[in-house]
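The values are calculated or read from the model by the stated rules, or taken from the named source; none is laboratory data. Small disclaimer: the values here were computed from a predicted structure and weren't measured. Positions of Cβ are generated from backbone atoms using ideal geometry, with glycine treated the same way; all protein chains shown enter the neighbour counts.
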Amino acid sequence: MKRGALALLILALAGFATEARAQGAVDVVATALFDATSFKVGMLIPFRLSGPAVDSADSITAQVLDVESGKCQVMRDPHIGSVFHLKCVSEAETRIVFTVIKGANKKTLFYGPVRVVPFVATYGVPEATPPPTAQELDKLAIEGKKLWVSYCSTCHTDPRSKQGRSAALIKAKINDPDPNNEMRSLKGLLSDADLNKIAVYLKDPTK
Ligand code: HEC
C-alpha cells in the first residue's frame, strides 16, 4: 500500500474510534469525553470540539443523523461553548454532524457511529458470601488433615503445636524470603484453598 493511502486509512480508522476530524481540514477535532462503553441511554454524553476553527468560529451547530427523530438530541453546553452533549432516550446508533461556520467558510465534521446502550448498574454492595455450614467445615477439616499429614507433619509432629494458626500466617511463613526458613521448601505447592483447609483443620486438630 502506498504511504498516502495508508495514512488515509489510519485517519479514517482513527475517526471512527474516539475522535473525528473535519473533512478536508484538520483544524477541528471532536473528542468524546467518556469512553465508548459509558455511552448510556438517558445520560448526557459530552464531546469536546477543539482546534483553531472552533476558537474563531462565527457559529457551531450539531445535529444527529441516522436515528428516528426525537430518539437522540445533541445540544451545546450552556457554560462551555466547545462542549456538546448527546442524549438518547432509548437505545440508538447515531452519528453527530458538527457544522462550523466562519465567514464564508463552512466545515462539516462527522462523528460516529456512536452506540448508546441501556444503562445496567454494575456497582453496589456485593452479595455477602454466606459462612460455611458446620457440615462444610467438617469436610474442609478432613481434607485439611490429609494435607497436614503430607506437607506439615514431617517437621511439626504434633498438630496441636500449631493449633489456631491462620491460613495467612502459614502462607507468610512459606513465602518468607529468609533462606534459613525451612518452610520455604513448600513454596508453590499449596493453593490458597489448600491453606484454608489446613487452617480449618488446625482450629481443632484433636478432632
Ligand atoms: C521443612 C520443615 C517444615 C515444614 C514442611 C513445615 N514447617 Fe512450619 N515451620 C518450620 C520451622 C522450622 C518453623 C519455625 C519454628 C517454629 O515456629 O516451629 C516453622 C514455623 C511455622 C509456623 C509459624 C510459627 C507458629 O507456631 O505460628 C507455622 C504457623 C507453621 N510453621 C505451620 C506449618 C504448616 C501448616 C505446614 C504445612 C503446610 C508447615 N508449617 C510445614 C518447619 C516446617
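Within the stretch 48-60, is there a residue that is within 30 Å of the chain's Cα centre (by Cα) and more than 22 Å from Val100 (Cβ to Cβ)? Taking every residue of the stretch 48-60 in turn, none turns out to be within 30 Å of the chain's Cα centre (by Cα) and more than 22 Å from Val100 (Cβ to Cβ). Exactly one residue among Phe84, Phe110 is in contact with a Phe, Trp or Tyr (Cβ under 7 Å, 6 or more places away or on another chain), away from the ligand (no atom under 16 Å from the Cβ) and within 30 Å of Ala53 (Cα to Cα), and that residue is Phe84. Of the set (1) touching a strand residue (DSSP E or B) at 6+ places or on another chain (Cβ under 6 Å); (2) farther than 17 Å from Asp27 by Cβ; (3) among the small types (Gly, Ala, Ser), all apply to Ser59 but (2). Checked against the criterion of being in contact (Cβ under 8 Å) with a residue 60 or more places away in the chain, aliphatic (A, V, I, L, M) and not in a loop (DSSP other than H, G, I, E, B), the candidates Val149, Val200 yield just one match: Val200. Once the stretch 183-206 is narrowed to residues that are more than 14 Å from Lys162 (Cβ to Cβ) and more than 35 Å from the chain's Cα centre (by Cα), the residue that is surrounded by the most Cβ atoms within 10 Å (Cβ to Cβ) is Arg184. Considering each residue of the stretch 85-94 in turn, none proves to be more than 19 Å from Phe119 (Cα to Cα) and not small (Gly, Ala, Ser).
Entry remark, the stretch 137-155: residues being within 40 Å of the chain's Cα centre (by Cα) and either of a type in the set (Lys, Arg) or surrounded by fewer than 12 Cβ atoms within 10 Å (Cβ to Cβ) (or both) number 1 in total. Taking the stretch 140-188 as the range and being at pLDDT 95 or above, in contact with a Lys or Arg (Cβ under 8 Å, 6 or more places away or on another chain) and of a type in the set (S, T, N, Q) as the test, only Gln163 passes.
Scanning the stretch 152-207 for residues that are at positive phi and more than 11 Å from the ligand (Cβ to nearest atom) returns a single hit, Gly188. The number of residues in the stretch 14-42 being modelled with pLDDT of 65 or more, part of a helix (DSSP H, G or I) and out of contact with any helix residue (DSSP H, G or I) (no Cβ under 9 Å at 6 or more places or on another chain) comes to 2.
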